[in-house]
1. What is the Cα centroid distance between region 225-246 and region 119-192, reported in whole angstrom?
2. Pulled fully out, how much extra length does the chain show between Q24 and M333, if you take 0.36 nm times their separation in residues and subtract their Cα-Cα distance?
3. Could you check which residue among M209, M336, M123 shows the biggest mean-square fluctuation in a GNM of the chain with a 10 Å Cα cutoff?
4. Rounded to the nearest 0.05, what FRET efficiency do D3 and D227 give with R0 = 30 Å and r taken as the Cβ-Cβ distance? Could you check?
5. Per-residue ellipticity at 222 nm for the chain, helices alone: DSSP H runs ≥ 4 residues times -39500 (n - 2.57), over residue total, nearest 500 deg cm²/dmol?
6. With a sphere of radius 13 Å drawn around the Cβ of S50, what net charge do the other residues whose Cβ falls strictly inside it have (Lys, Arg +1; Asp, Glu -1)?
7. Using the Karplus curve 6.51 cos²θ - 1.76 cosθ + 1.60 with θ = phi - 60°, work out ³J(HN,Hα) for each residue of region 380-388 in order, rounded to whole Hz, and write x for Gly and Pro.
8. Comparing A304, A354, A49, which has the greatest mean-square fluctuation in the GNM of the chain with Cα pairs linked when under 10 Å apart?
Amino acid sequence: MSDFLIGTKCVQGGYTPKNGEPRQIPIYQSTTYKYDTSEDMGKLFDLEASGYFYARLQNPTCDYVAAKICEMEGGTAAMLTSSGQAASFFSIFNIAGCGDHIVASSALYGGTYNLFAVTLKRMGIDFTFVDPDCSDEELQAAFKPNTKAVFGETIANPALTVLDIERFANIAHKNGVPLIIDNTFATPVHCRPFEWGADIVVHSTTKYMDGHGSAVGGCIVDSGKFDWTKYPDKFPGLCTPDESYHGVTYTERFGIEGAYITKATAQLMRDFGCCQQAQTAYVLGLGLESLHLRIKKHAENALAVAKALKNDERIAWVRCPHLEGDKNYDLAMKYMPNGGCGVVSFGVKGGRAAAEAFMKQLKLASIATHVADARTCCLHPANATHRQMNDDELTAAGITPDLIRFSCGIEEAEDIIADIKQALDKI
Ligand SMILES: *Cc1c(COP(=O)(O)O)cnc(C)c1O
């Protein structure tokens, strides 16, 4: 599969049935697996043989779909998780613990920011947040001796800033740590962070990968390129024996291409149990088969909407990284020459009240907290997710009271634009 283009990997990657086997990925709806002898089972528990024993850790349906995403990203190992949040949590907690430190972009999904700044902080992991547009010197100054990783989003949700992945990867590597990228909004169809030096990729598969608003899920992919063994003191969990698995050393047994995901499956899935359900993985697999077609349409529609609104005198401002003149246009062209995601943000002249009136008049676009759905949806954060904040607090959080996050679906652009225009006519 590795020689095929990304669209072919979407359709055919991950699962190749043998003679007489089901054409579509089977749903393994079983919590447990049967073995002939206790010796057979013992080998699994010692990680000496590979196989399934309990669906809290692993499930064959999930592994087929993870293998597809792994091929799409160009990685060496991957695992599905129960949500994007679980993927982000595992990606950090697999290599950092109490007393450690992470450098993260400040332009993050709100849930990720909360996970890092509140919950992981309570677990003793410290974060320094840096502006994605910071200078090399400012980024370097964020590192500490106990820094274990750098984290950022290809296209940030909802800020829509584009991360300079290559620059962040170079500086992370100079400091002996991996770069973890949340590639949810770009998808591997439009950006493959490993090609720019990133080491680990995470996804909320809930978004474009599923694409139909059907199933919450996440994924972690390892590029297999970060050499943990060069920094055994920094990454003892990967480079020294794991007593909870009879002294296995993950990098020795599974190599640098398999150590990270094996450890996350063996330890974190065992202890936290955030495995994706087989039914969910099946739905995700169906979504992935058309991801290359859908994300192209999402991105085209977003750009068409941005262009239509740019010259409308009732609109105060528009953000879409692929719109010429956007502050991240050059980065968008470098990392995603074929297009970005389906989300644009804009402000309606007249502030908070105008935004509220506008939203009421939309007919095709539905009001939803979700993004990346096949159906166009939108959200007015000042009136929904951030409604407890006053205008000053909103501005400090980088969300203007007039901001509308507009997630273009895969309907026809003409209809989406007409819906926006008729709503603007009425306010
Ligand atoms: C939604 C989202 C997440 C969280 O994913 P869930 O599947 O909702 O847990 C993480 N990162 C980004 C960029 C997201 O949009």
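Here, each number is a calculation from the coordinates, and none is a lab measurement. This one's a predicted model, so the numbers in the text were calculated from it and none came from an experiment. Positions of Cβ are backbone-derived with ideal geometry, glycine not excepted, and every protein chain shown enters the neighbour counts.
1. Rounded to whole Å, the Cα centres lie 22 Å apart.
2. Answer, rounded to one decimal: 107.6 nm.
3. M123
4. It comes out at approximately 0.70.
5. So the calculated ellipticity at 222 nm is -10000 deg cm²/dmol.
6. -2
7. Computed from phi, the couplings for region 380-388 are 10, x, 4, 10, 10, 4, 10, 5, 7 Hz.
8. Largest GNM mean-square fluctuation: A49.
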